[in-house]
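Values quoted throughout were computed directly from the atomic coordinates according to the rules given, and no laboratory measurement underlies them. All values derive from a computational prediction rather than experimental measurement. Reconstructed Cβ throughout: ideal geometry from the backbone, glycine too, with neighbour counts over all protein chains shown.
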Amino acid sequence: MKFSVIIPAYNAAKTIAATLDSVLAQTVVPFEILVFDDGSTDNMAVILASYKPRVTVFSQSNQGAAHARNFLCAQAQGDILAFLDADDLWHPCYLKAQKQMIEKHPDAVAHFTEHENIVGLGDFKWPKGADCQPINPELIQPAVFIKRYNETPLSFQMSCMCVRKSVPSQLGPEPFRVTVADDTFFHTSLPLLGPVAHTTARLVAYRINESSLSSNRLRMSVLVVDVFKILDEIYKAKADPALYDAFRMVYASRRRNCGKYLMGAAKTRDAREQFMAAARLSRRPASVVKSVGLYLCTLLPRSLQPRWLAGERLYPQAGGDGVKAHQLKRP
């Protein structure tokens, strides 16, 4: 089993060394480490040069994470692709756990671990519970995964995922699309190929900071809706009726969520369009009632409307770098 580590990076000079060190410290040595410098303007290139030849570096003008991931997937020579963001960290036993999951569930199209959340750019120390014990992964069927990913996206991070080399190519020439929401596109495409495996072992440190692209929750929500617009045609053509129905339920939920953020930004007209589009997506009565109910709320005087979602993610006040923030939610 040969792991190709896939790392898209843009202006990550403050974190890339710690990220690469966590890869080089793996108990299961990766076959190759591939980094795509996506037109960085900081001194990341100098740092990356110090890791050669252990790390293979590609560089190009800035085209976004989706392009970087697509490029690296095509370049990889290993049979397993292990994705990692340029500011996240792996526990030394991460690849060992992934190897165990792949061996236990070879029929899964993707394998995910859980993670710890950390705030800021400082060092991170793994808690005592994070070790190299054997894991007991769950196999999640496609329709269930679509719903769970929508409800708990933090449980399925890019830096926590491995897939076989053949998986991206099965999703077409661009398995990643819509930069910033490209992970949503890829993960929501996976059920078209089969089940996924998941372990609750927290073997990744996911870094959260205010400069991250996903901190603008309104923008993220609009981009996610764009992802689902593209996927709707793909699911309609490829999915069986039950899976397509599950997808449309989630699509309606995403549109309602987007509408809530739009209302929070006082963009009432756009929000109403999202709520009505959500009402047309699913034939299930409960979904329709939710969507229409939210639309009707927008017609009330502002003082009587519900408290809509804030467009910017709120961050905890950290007493220092590396403070954990287990309660943060993603859109």
Legend entry - ³J(HN,Hα), Karplus 6.51/-1.76/1.60, whole Hz, each residue of the stretch 141-148, x for Gly, Pro: 6, x, 5, 5, 5, 4, 5, 5
Legend entry - residue 140 long-range amide H proximity, modeled H, under 5 Å: 196, 197, 198
Legend entry - Fewest-first sequence of 128, 236, 104 by Cβ atoms within 10 Å of each Cβ: 128, 236, 104
Legend entry - Rounded tilt (10° steps) of 268-281 against the dominant C-alpha axis of the chain: 90
Inset, instruction - Please report 258, 297, 93 as a ranked list, fewest other C-beta atoms within 10 angstrom at the top and most at the bottom. - result: 297, 93, 258
Legend entry - Unsatisfied cross-links (Cα-Cα over 22 Å) in the set 14/96; 125/165; 147/290; 147/260; 14/125: 14/96; 125/165
Legend entry - Karplus-derived HN-Hα couplings along the stretch 66-78 (A = 6.51, B = -1.76, C = 1.60, θ = phi - 60°), whole Hz, x at Gly and Pro: 4, 4, 4, 5, 4, 5, 5, 4, 6, 7, 4, 10, x
Legend entry - Cα-based helix-to-principal-axis angle, 94-104 vs the chain, degrees rounded to 10: 70
Legend entry - Two-decimal ratio, the stretch 217-304, of alpha-carbon radius of gyration to 2.2 N^0.38 Å: 1.11
Legend entry - Sequence-distant residues sharing a close amide H with residue 282 (under 5 Å, placed H): none
Legend entry - Built amide H within the under 5 Å cut-off of residue 78, gap 5+: 4
Legend entry - In sequence order, calculated HN-Hα J values of the stretch 297-303 (Karplus, 6.51, -1.76, 1.60; Hz; x Gly/Pro): 4, 5, 8, 6, x, 3, 5
Legend entry - For the chain, projected area of the alpha-carbon convex hull averaged over all directions, nm²: 17.3
